[in-house]
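Here is the structure we will look at, set down as structure tokens.
Values in this text are rule-based calculations from the coordinates and carry no lab data. Please read all numbers here as calculations on a predicted model, not as lab measurements. In this analysis, Cβ positions are derived from the backbone assuming ideal geometry, glycine residues included, and neighbour counts consider all displayed protein chains.
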Amino acid sequence: MDSARFQLNTCLNDISENLGSDELKAMKFLCQDLLSKNQLDKAESGLRLFQSLQERGLLQVEDNFIVAELLYRTKQFWLLKKMKYNKEKVSKELMCPGRPRVSSYRQLLFEVSEDITMKDLETVKHFLHQYLAKSKLESIKTMLDALVEMEKEGLLEECNTSILEYICKQIGEHLVEKFACYRREGRGQGEELLTPVPESDLPEMAEAQDAREVRSPPGMQLEEPTEPSLPMGLQNSRSRSSDLGQLDHYTSHNTVLTSDSQEILDRYKMESTPRGYCVIINNSIFDTMQPRKGTDRDAERLEQVFTWLGFRVKIENNLTAEGMRMKMLEYRQKDHKPFDCFICCILTHGERGVMCGTDDKKVPIRDITGCFSASRCPSLQQKPKVFFIQACQGTEKQEGVAIEEDSTAVRLEEDAIRATRTIIPDEADFLLGMATVEGYVSFRHIMQGTWYIQSLCENLEKHCPSQDLLSILTNVNNDVSEKKDKNFKTQMPQPSYTLRKKLYFPVGQSHADFMKASWNFHTRNGVPKD
């Protein structure tokens, strides 16, 4: 038993070290009905939370399923293997009566919070301003915070969710459906059901079909049900003819509030489907320079990984310098408002601070990144713009058959090589991943692809979504720096960034499942795979 307990505690400690602050916060919320407020307040780490569950007898050596359930609910599927579980096994066990420890009510609230965007959160706070003090409203940074405050104030209970359901109805019918689904499932499981909100209690504010009075959730005063509902603060002292115009003003104002509120979060929003555009410029054949053998392998790997990460990927092969500029102009002019991020990968020959088109002409890197500044591409304002550049930045020449160098530059003086230069806009939300530091070559295997891109893809596969992108690029730096060619030459990548928050890429599909689906797709379409 001591050995089993030691193994369990070691496993719990390992899981704790891999939990971010958001995941811990989500787990603590799911445990609201299982632990006391004092225990939750003291749970400053995943390990401390698990210890509290052990103290309550909810987590034991012979039954540690509660941890697997929490990992499953918070979508930390990659950590389940540490508990000798997988997603399918946990899902199956949760179907067994009495097996889930997290109540259906708590699951419902968590699922609602997961579907509330930052823009929606400002709407929620607007409706709550008549119930909560200003200081409490200002302390609400996430939807989980809002739910906790609503429960503290008695605005939200397991047997009465009418106010929350009313607010959700203003945001979208997909949220209201969660309540209906909960009631259906709860009835099947014999649990105490939520009090349904009658249609007359939800202020549809469409044209009245009869003269009956429309009732509202407690504390909400509504006008006659003749026109679309407005936020409460806009219903006072306004004529009906101006209401719709005020609603437009409210929506516009809300967008500004969203931008301000996102700045205080610790990570960028990454919820859109798809996440955004990912364009890969793959130059392999040049007018006078040597062909870049192996680059197609890089392009293929990048396409696989960023498709898996939820991006709309497009490969552009063999562009001239002007073609590269025009392609960036094309993506600059696209509407990025529905998306959360933009990715650009460029695989080509290069010199210090510039990249080469297939016509051997040069494009400054800053000209490429500068296309997406806030002033030139407003729809990407406050959204992460990520560039990965696989190109030499100097002159070191590498001998050998299997290893080539992506450089055509002349030799530079040592002090010039060590100089640095800003090649991303002096604005927030940019990340530039360079294959090598300024002044040096980067290496490319003629069959396996480049050291940098292959390491980047491997680390994205391995560490998304548990690590943020900068942490992943640190791993890439370490991996590439340890590689050596036959003459013991090395390479050091260099990320530069003006990010304001951590950048995570949530993953909705395991990479194994993705690769299996990708293999099936290519097999069906007659495309050979390596």
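Things worth noting here:
- Between residue 48 and residue 474, full extension at 0.36 nm per residue minus the direct alpha carbon distance yields a gain of 150.5 nm.
- 10 Å-binned pair-distance histogram of the stretch 2-102 (Cα, whole percent): 15, 53, 30, 1
- 125, 269, 84, 361 arranged by Cβ crowding within 10 Å, fewest neighbours leading: 84, 361, 269, 125
- Within-9-Å neighbourhood charge of residue 280 [Cβ basis; K, R +1; D, E -1]: -2
- Taking every alpha-carbon pair under 8 Å whose residues sit at least 6 apart, the stretch 2-102 reaches a relative contact order of 26 percent.
- Near residue 280, the amide H atoms lying under 5 Å from its own belong to 314, 315, 316, 345; only residues 5 or more places off or on other chains count, and H is placed 1.01 Å from N.
- With the simple model of a label 7 Å out from the Cα in the direction of the Cβ, residue 290 to residue 14 spans 4.4 nm.
- Violating pairs (Cα-Cα greater than 29 angstrom) within the set 81/136; 42/82; 87/152; 293/327: 81/136; 87/152
- Taking 0.36 nm per residue of sequence separation and removing the Cα-Cα distance, the residue 160/residue 379 pair yields an extension gain of 74.8 nm.
- Radius 9 Å from Cβ of residue 143, net charge of other residues (Lys, Arg +1; Asp, Glu -1): -4
- Cβ-based exposure ranking for 135, 21, 455, in which fewest neighbours within 10 Å come first: 135, 21, 455
- Estimated FRET transfer efficiency (residue 317, residue 481; beta-carbon r; R0 35 Å; 0.05): 0.70
- Take the Cβ atoms of residue 174 and residue 91, set R0 to 30 Å, and the FRET efficiency comes out at 0.85.
- Summing charges over all other residues whose Cβ lies under 10 Å from the Cβ of residue 316, with Lys and Arg as +1 and Asp and Glu as -1, gives +1.
- FRET efficiency, residue 134 to residue 38 (Cβ-Cβ, R0 35 Å, nearest 0.05): 0.80
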